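The values are calculated or read from the model by the stated rules, or taken from the named source; none is laboratory data. This one's a predicted model, so the numbers in the text were calculated from it and none came from an experiment. All Cβ positions, even for glycine, are placed from backbone atoms using ideal geometry, and neighbour counts span all protein chains on display. Ligands, DNA and RNA are excluded from the accessible area calculation, which covers all protein heavy atoms including side chains. Shrake-Rupley method; radii C 1.70, N 1.55, O 1.52, S 1.80 Å.
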Amino acid sequence: MQSRAQTPPPQALARFQRADFRVPEDVVYLNAASHGPRLARVQQAAQRALDAGTAPWRLEMDAWRASIEDVRRGVAGHLDGDADGVALVPSAAYGLSLAARNLPLAANETVLVLAGQFPSNLLPWQQRCQDVGAHLEQVARPVGDDGRPGDWSDAVLAAIARAPRLRIVSLPQVYWHDGSRLDLDRIAAATHARGAALVLDLSQSLGALPADIVRWRPDFVASVGHKWLLGAYGLAYLWASPAWRERGVALEQHWIAREAATVFDSPPSPPPLASGARRFDAGGVAEPQRLAMSAAAFAQLRDWGLECVHAGLQARGRCLREALRAQGLGDWLATAPGSHFVGLRPPPGRLADAAAALDGAGVIHTARGGVLRLAPHLDVDEAALAAVAALLARAVG
Ligand SMILES: Cc1ncc(COP(=O)(O)O)c(C=O)c1O
C-alpha cells in the first residue's frame, strides 16, 4: 500500500482539531520527535484498557490475539500493507539488534551508518562488527560552502560507492537531530547495486512520511511506535522481508513466537515458529494497554487519512522554516526543505538564551548537541509556529 504526500483539500486539513489531542492550552508541544503528543482517543483507549485490567478473568485469549493482529495491520498500513511482515518488539534497538543478529557479516567486511546516528541504530552494528572483526564506516555529514551542515544523501552515495566489501547499509530516512531527509530512492538502488543488505530505522519518519518499501526492498525496517505513529511507549515494530520471515532467528525463546496450537502442551521439541515475521515477536510487549493505545492511534491516523497527515506535517515544517526566515533566523536553520521537523543551530553562546525563552513560554522542545529541535504535530497551528519564531527572535535580538 503506497501513499505519496499530496496537498490535501483544505477541508481535510481543517479536520485536525486541537481537541483531538490532550495537550494543555498553555503548552506549545514541539517535541513529537521525542514522543508524539497524546491523542484524546489514545488516552480514552488507555483508560478503558486500564479499567478492563481490574477483571483479568474477563480478558479472553482470542480477543487478545485479535488485538495483536489489529495492531500488526495498523503498522502494515504505513509500510507495504502486508501484516505478515510485521513483528511486535519493545524498542527500535531490539528490532535493529535482530537485524544485526541475522544478516551475514564476516571479518573485513563493511557496515555503513551515519556519523551521529541514533544509538539504537549504532550500538547493534558496533557490537556485531567488533564480534566478527568487520569495519564500521560512519559517514560524516558534509559541510556546505556557507559552513552549515550539508545534504547527507550525496555523502552516503559516495561512501556506498567506495566502501570496500560493503555488506550492510543501516540508515534512517530522517536524521534525528534536525529532520534532514535522506534520499532513500537513490540510496536503496545504490545499496542493491553493490549487493549489500539494507536496514532502515524509520523511527523519525513512519507516520509522517510515506515509506516506499516495495521500491526500497529493505531486509529489515525498525520503528518505534510512540513518536510519529502516536502510539504507546514500549511497543515498537520490526518489518522483515519475505526471505527473513522464512529463515530469521529470534533473539529470545518466547511462546508468543511459536504456533499456538501445541505450545502449552510441553511438546518434546520446540513447536514450529509462528508464521511470517511473527517468529520475531518479543515476549511481554503485547500488553493490553499498549495494544489498545497503539490501535487507537492507528485508527485515528487512518480516519484522518495518511496522505492528509503527511501533508499536514509537511505544511507545519514549511511554515516553521518560513516563520524563522521572516524573523531573520534563516541562518540558524540546519534543515533542508522537505523536513517535517526543524533543527536550529544558533551561534555559539545563544542556544542557552533561546532554549530558556522557549522554556519560559511553555514551548516544549529538545536542545542537544548545539541544536534546538522543534518538532510540531497536527495540534500546532500556523499562528503558534509564527509566535515561536517571533519569541526566538526577541530572545536573541
Ligand atoms: C532515529 C531514532 N531511532 C530510534 C529511537 C528510539 O529507539 P529505542 O526504541 O531503541 O529507544 C529514536 C528516539 O528515541 C530515534 O530518534
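Values computed for the structure shown
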| item | result |
| --- | --- |
| Some residue of region 46-58 being open to solvent by 60 Å² or more (accessible area, probe 1.4 Å) and touching a Ser or Thr at 6+ places or on another chain (Cβ under 7 Å) | no |
| Single unsatisfied condition, GLY312 versus (1) more than 20 Å from LEU206 (Cβ to Cβ); (2) in contact (Cβ under 8 Å) with a residue 60 or more places away in the chain | (1) |
| Flag for GLU307 being open to solvent by 10 Å² or more (accessible area, probe 1.4 Å), touching a residue at least 12 places away in the same chain (Cβ under 8 Å) and over 30 Å from ALA375 (Cβ atoms) | no |
| Count - residues of region 151-184 that are small (Gly, Ala, Ser) and within 13 Å of the ligand (Cβ to nearest atom) | 3 |
| Residue check for ALA250: more than 30 Å from TRP304 (Cβ to Cβ), open to solvent by 20 Å² or more (accessible area, probe 1.4 Å), more than 15 Å from the ligand (Cβ to nearest atom) and part of a loop (DSSP other than H, G, I, E, B) | yes |
| From the options ARG141, ARG181, residue that is touching a residue at least 60 places away in the same chain (Cβ under 8 Å) and under 16 Å from THR335 (Cα atoms) | ARG181 |
| Single residue of GLY328, GLY343 found to be out of contact with any strand residue (DSSP E or B) (no Cβ under 6 Å at 6 or more places or on another chain) and not assigned by TED's automatic domain parsing to the domain that holds VAL221 | GLY328 |
| Boolean, ALA292 is within 30 Å of ALA389 (Cα to Cα) and either assigned to a strand (DSSP E or B) or open to solvent by less than 50 Å² (accessible area, probe 1.4 Å) (or both) | no |
| Residue within region 273-284 that is aliphatic (A, V, I, L, M), buried (at least 22 other Cβ atoms within 10 Å of the Cβ) and either within 18 Å of the chain's Cα centre (by Cα) or over 30 Å from ASP62 (Cβ atoms) (or both) present | no |
| Qualifying residue in region 378-393 (condition: part of a strand (DSSP E or B) and crowded, with 16+ Cβ neighbours inside 10 Å) | no |
| Lone qualifier among LEU333, LEU324 - being over 19 Å from the mean Cα position of the chain (by Cα), at pLDDT below 95 and over 30 Å from LEU50 (Cβ atoms) | LEU333 |
| Matching residues, region 76-98, being open to solvent by less than 10 Å² (accessible area, probe 1.4 Å) and under 16 Å from the mean Cα position of the chain (by Cα) | ALA76, LEU79, VAL86, ALA87, LEU88, VAL89, ALA92, GLY95, LEU96 |
| Flag for GLY225 being of a type outside the set (A, V, I, L, M, F, W, C), within 21 Å of ALA100 (Cα to Cα) and more than 16 Å from the ligand (Cβ to nearest atom) | no |
